[in-house]
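Below: the structure, in structure tokens.
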Amino acid sequence: MKLRPSTLCFAAAFLFAAVGVLNANEKPASSASMDAPAPVILIRNATILTVSHGTIDKGDILIKDGKIAAVGGTLKAPANAVVIDATGQFVTPGIIDCHSHIAVDGSVNEGSVSVSSMVNILDVLNSDDVAIYRDLAGGVTTANVLHGSANSIGGQTVVIKLRWGQPAASLPFEGALPGIKFALGENPKRSNFRVNGAPERYPATRMGVEETIRGAFTEARDYKKSWDDYNKRIAAGEKNVIPPRRNLKLDPLVEVLEGKRYVHAHCYREDEILMLLRVAKEFGFRVQTLQHVLEGYKVADEIAAAGTGASTFSDWWAYKVEAYDAIPYNAALMTRRGVLVSINSDDAAEATHLNQEAAKSIRYGGLTHDEALKLVTLNPAIQLGIEKRVGSIDVGKDADLAIYNHDPLSAYAVVQKTLIDGRVYFDREKEQAARPALEKERKDLLEKAKKKQDEEKKAGAKKPEEKKTGEKKPEEKKPEEMPKPPQGEADLGGAR
Amino acid sequence: MKRLYLNFLCGTLLLSSFGARADHAQTTGAADYAITHAKIFTLAGPPIEDGTVVIHDGKIAAVGAGVPIPAGAQVIDAKGLQVYPGLFDAVTQMGLSEIGAVSASVDTTETGSFNPDLIAATAILPSSAHIPVTRASGITEVIAAPASGGFDSRGATNLVGGQASAIHLAGWTAEEMLISKRAAMVVDWPEIELRSFDFATFSVKEKPFTDAKKEYDKQVSELADYIEQARHYAQALQGSNGAGMQRDVRLEALAPVIRGEMPLLVFADQARQIRDAVEFCDKQKLKIILAGATEAWKEKDLLRSKSVPVILRPTLGEPPEEDDAYDRLLTQPEELRAAGIKIAFGSFDNSFARRLGQDAANAVAHGLPYEEGLKAVTLYPAQMFGLDAQLGTVETGKTANLIVTNGDPLDVTTDIRYLFIKGQLTSMDNKQKALYEKYLNRPKPAH
């Protein structure tokens, strides 16, 4: 079968490294080292969609020390301020993607066991993933980076800011509670991923998925008790107490029981949604978000009653049986029934237009402009427990902003600038201005590589011709499991 | 019999109000209509303010300001609304695939390399849930193409995938839906595959370039041989009128292609594939429509000089190369248009077909003139498949495939208020709307 579009020049791969160096020298947007103080910025004369307190028609935003210092009518520019003239433009809070797989080095699934809570996305963050930059260019400033959905209990997850150009250690969102990925239904039971002749893995039914999760939390509860007992005896001054043996699989589940780690659960069907809510109740934890949750509209009251959030797609459906009853009205209907809802991407390319995906809930289900914008800003911020820092344009919050040339709830809106912590990390004008120089450098390097090759050929070395014409190197990430995902949705076999 | 049936439908229509009808997912009768006081985007001239469209016998009978309303016509007052030609999705799997992951419901891709005799229309399911869902976003006709991607667990490599059919998105049977049964011959151009998915081990297998290139060359030469055979066959057929010949249904299916009557719809994304495919068709004197074409910008001089029309896959996808500009697919449509290349958009899918307008709008946001964006999802696909005498604009004499909207049909928040297919007011109810209404009215649980 074909993996497409899946090309990367042999030469270009080599080139990219070199171009990257140029970027690093030049990177006007993201060059500012995080040690240097963030500049004072005044965004002037914009339509400000605050999300929390309505729209300001011709307003200014003052940014100091990476935070929003003032929002309102006409503000006075401090002497040292960099002024961004946003006349005719629209400013929104940075887009927050509550379900992402960008910036991950290698596979997102540890597919060998169905409880793989010991693995952690934090260990494999890749700050060089170009998807970070591309999503940033789509106005995304924060992403909830999750494992895939091959396992009933996947791995530990992390919320990042898209600080392109910074090292991996600088990506995590400071203070954001970490999470853990759960998955229900067809993916953990491996319905669509069976290999002829390969042994079946437990669980292979939705009943088995429930018992896998119950089994794991039963162990975790006992494990927690053994530590609680131990700590009690130590606190009571007992000597020579032998501590329980550390269990890296159960540690994160204990954190879930203690409310120190969020559960983000991939799910589709109404029955499995209720199953997980029951299991969570039994063990005394709360499911922070249901992810995808395409049949959430069928059990919206139950989800609302559990205080659980829902993070869904705009209009995906029918790619598998459990997605056949998906409706584009899902986000709106759940919202009307009192569920806190966000719209997510699950895919690097989808993330670049989450503003448009949110807008669809105006047409499908009649959300207001503000309610629709909340689906990709304030609501995911609350779902990730970071709403005190981001998600709306309010004084004191992080200056994470997207500036569009058009009302963002439209297919015609193009991001002009994206700011994180008061620094401009994406600037469309500068990006476009830099292209001719990059193109020239690319050509020069190709020329140089070709020349060198010709010389080697002349020198008589036996060079197979693939070096010259090696036009393709396939995509960086292999498809996780789904043999051939639907158009344009690469790499989500293990994810969605 | 047919007449009785239509009368029955007309009767039910008279008893019901306009707009959505839950019991008829299909068309509701061949009445005459007059859409009045609308702003009409004919795409054959400047928009008409406060205009009227008259529909008679499935066709557009009159368009203009101050057109008289025929007696007996049902009048739709479209004050504040806009009329456009229905949208045309230039490549889909409509009706050929119901649930992507369930192979039993997927009929996109036959086994074997050469299947020119297969016809998409044969396997189009008129009652597919995708059809009314897609229609509700203003798409009135599509090309359903075999071998056009999607999940295909067998990993078949088609070279000649079969014949694509042009269909209206309404009709009780495939016959009623058909616009053109044999709209184009699908060729899936070979690719140099350095990586392939191995189903035996369920892992990605790497291949050295020389091996992959050898395989590519072999496939291209197989394709050339096959076309050569078909040429000889067509010549023999013409000479002998078939008398005394051993007939071959496959080669025979290629005869219209050889005669230049049927275009090849060639799926190719990489620059090398595009180059090779265009040069191949040029040499063989075959009509070509290029489909996919993510790297068409690299070959735009060639495409222009050979007048090759291009159907682009969604602009909202990921650029193919890591060092491509982030907006590479978004700026390409205007780059091609400005170079003089005719473009259309296709979803290459069924469940994402409703994003067709959104894809065009995003290209407009990145430089494509608005009217060109509209034409790329209406008139231009009709032209590419030789259907523009019937479809693609709001002009007298054309088939009345029209939409009445409350705004720009390309944008994501616009409502389609009325939809006409073959002059019939057609319901936009669908599975998703029915589920929405059902659960909207779910009583609050007792607890």
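Taken together, A:SER311, A:SER226 contain a single residue that is small (Gly, Ala, Ser), within 25 Å of A:VAL158 (Cα to Cα), out of contact with any helix residue (DSSP H, G or I) (no Cβ under 6 Å at 6 or more places or on another chain) and not in a loop (DSSP other than H, G, I, E, B), which is A:SER311. For the range A:289-316, filtered to residues that are in contact with a Pro (Cβ under 9 Å, 6 or more places away or on another chain) and among the hydroxyl-bearing types (Ser, Thr, Tyr), the residue that is nearest to A:ALA358 (Cα to Cα) is A:SER314. Note on the range A:295-312: residues that are of a type outside the set (Gly, Ala, Ser) and within 11 Å of chain B (Cβ to nearest Cβ) total 6. Restricting the range A:243-272 to residues that are closer than 30 Å to A:ASP325 by Cα and either acidic (Asp, Glu) or over 28 Å from the mean Cα position of the chain (by Cα) (or both) leaves a set whose member that is surrounded by the fewest Cβ atoms within 10 Å (Cβ to Cβ) is A:ASP271. Filtered by the rule that a residue be touching a helix residue (DSSP H, G or I) at 6+ places or on another chain (Cβ under 7 Å) and within 14 Å of chain B (Cβ to nearest Cβ), the range A:188-220 gives a lone residue, A:LYS189.
Residues of the range B:307-358 that are acidic (Asp, Glu) and at the interface with chain A (Cβ under 8 Å from one of its Cβ atoms): B:GLU318, B:GLU321, B:GLU322, B:ASP323, B:ASP327, B:ASP349.
Among all residues of the range B:364-371, there is at least one that is in contact with a His (Cβ under 8 Å, 6 or more places away or on another chain) and either within 13 Å of chain A (Cβ to nearest Cβ) or of a type in the set (A, V, I, L, M) (or both). Number of residues in the range A:175-210 that are of a type outside the set (Lys, Arg), crowded, with 21+ Cβ neighbours inside 10 Å and under 30 Å from A:ILE386 (Cα atoms) equals 8. Could you list, ordered by first residue, the pairs with Cβ atoms under 6 Å in which the first is in the range A:276-299 and touching a residue at least 24 places away in the same chain (Cβ under 8 Å) and the second is acidic (Asp, Glu), at least 6 apart or interchain? Taking only residues 6 or more apart or on different chains, the pairs are A:GLU295/A:GLU270; A:GLU295/A:ASP325; A:LYS298/A:GLU270; A:VAL299/A:GLU270. You will find that of A:MET275, A:MET334, the residue that is surrounded by 24 or more Cβ atoms within 10 Å (Cβ to Cβ) and at pLDDT 95 or above is A:MET334 and no other. Within the range A:243-262, can one find any residue that is out of contact with any Asp or Glu (no Cβ under 7 Å at 6 or more places or on another chain), in a strand (DSSP E or B) and either modelled with pLDDT of 95 or more or of a type outside the set (Lys, Arg) (or both)? The answer is yes; a qualifying residue exists. Where helices (runs of 4 or more DSSP H) fall wholly inside the range B:331-447, the ranges with 1 or more residues that are touching a residue at least 12 places away in the same chain (Cβ under 8 Å), over 30 Å from A:ALA305 (Cβ atoms) and touching a Leu at 6+ places or on another chain (Cβ under 9 Å) are B:356-365, B:370-375, B:379-384. The single residue among A:PHE285, A:PHE217 that is closer than 24 Å to A:LEU384 by Cα, of a type outside the set (A, V, I, L, M) and part of a loop (DSSP other than H, G, I, E, B) turns out to be A:PHE285.
For the range A:286-303, which positions are touching a strand residue (DSSP E or B) at 6+ places or on another chain (Cβ under 9 Å) and surrounded by fewer than 20 Cβ atoms within 10 Å (Cβ to Cβ)? Across the range A:286-303, the qualifying residue is only A:ARG286. Assessment of the range B:158-176 against the conditions (surrounded by fewer than 19 Cβ atoms within 10 Å (Cβ to Cβ), within 13 Å of chain A (Cβ to nearest Cβ) and either at pLDDT below 95 or in contact with a helix residue (DSSP H, G or I) (Cβ under 6 Å, 6 or more places away or on another chain) (or both)) yields no matching residue. Inspection of the range B:262-276 identifies no residue that is part of a helix (DSSP H, G or I), under 16 Å from B:GLY386 (Cβ atoms) and out of contact with any Pro (no Cβ under 9 Å at 6 or more places or on another chain). Identify all residues within the range B:170-190 that are touching a strand residue (DSSP E or B) at 6+ places or on another chain (Cβ under 8 Å) and in a loop (DSSP other than H, G, I, E, B); write none if there are none. If the condition is that a residue be touching a strand residue (DSSP E or B) at 6+ places or on another chain (Cβ under 8 Å) and in a loop (DSSP other than H, G, I, E, B), then B:ALA170, B:GLY171, B:TRP189 are the ones that fit.
A count restricted to the range B:404-432 and to residues that are touching a strand residue (DSSP E or B) at 6+ places or on another chain (Cβ under 7 Å), aliphatic (A, V, I, L, M) and within 14 Å of chain A (Cβ to nearest Cβ) stands at 2. Any residue that is in contact (Cβ under 8 Å) with a residue 24 or more places away in the chain and among the hydrophobic types (A, V, I, L, M, F, W, C) - is there at least one of those in the range A:194-205? Checking the range A:194-205: not a single residue is in contact (Cβ under 8 Å) with a residue 24 or more places away in the chain and among the hydrophobic types (A, V, I, L, M, F, W, C). Each residue in the range A:74-115 was checked for being without any contact (Cβ under 8 Å) to a residue 40 or more places away in the chain, surrounded by 15 or more Cβ atoms within 10 Å (Cβ to Cβ) and in contact with a Gly (Cβ under 9 Å, 6 or more places away or on another chain), and 1 of them qualify. Scanning the range A:313-323 for residues that are aliphatic (A, V, I, L, M) and crowded, with 20+ Cβ neighbours inside 10 Å, we see that the one that is nearest to the other protein chains (Cβ to nearest Cβ) is A:ALA318.
Checked against the criterion of being in a loop (DSSP other than H, G, I, E, B), on the phi < 0 side of the Ramachandran plot and in contact (Cβ under 8 Å) with a residue 12 or more places away in the chain, the range A:61-72 has no qualifying residue. Of all residues in the range A:221-242, those being surrounded by 11 or more Cβ atoms within 10 Å (Cβ to Cβ) and without any contact (Cβ under 8 Å) to a residue 60 or more places away in the chain number 14.
Let's see how each residue does on (1) in a helix (DSSP H, G or I); (2) hydroxyl-bearing (Ser, Thr, Tyr); (3) more than 7 Å from chain B (Cβ to nearest Cβ); (4) touching a Ser or Thr at 6+ places or on another chain (Cβ under 9 Å):
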residue	(1), (2), (3), (4)
A:ASP325	no, no, no, no
A:THR335	yes, yes, yes, yes
A:VAL339	no, no, yes, yes
A:ALA359	yes, no, no, yes
A:GLU371	yes, no, yes, yes
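The set of residues in the range A:226-272 being within 17 Å of A:PHE283 (Cα to Cα) and of a type in the set (Ser, Thr, Tyr) consists of A:SER226, A:TYR262.
The values are calculated or read from the model by the stated rules, or taken from the named source; none is laboratory data. What you see is a predicted model, and the numbers here were worked out from it, not measured in a lab. Cβ coordinates were reconstructed from backbone atoms using ideal geometry, including for glycine residues, and neighbour counts include every protein chain displayed.
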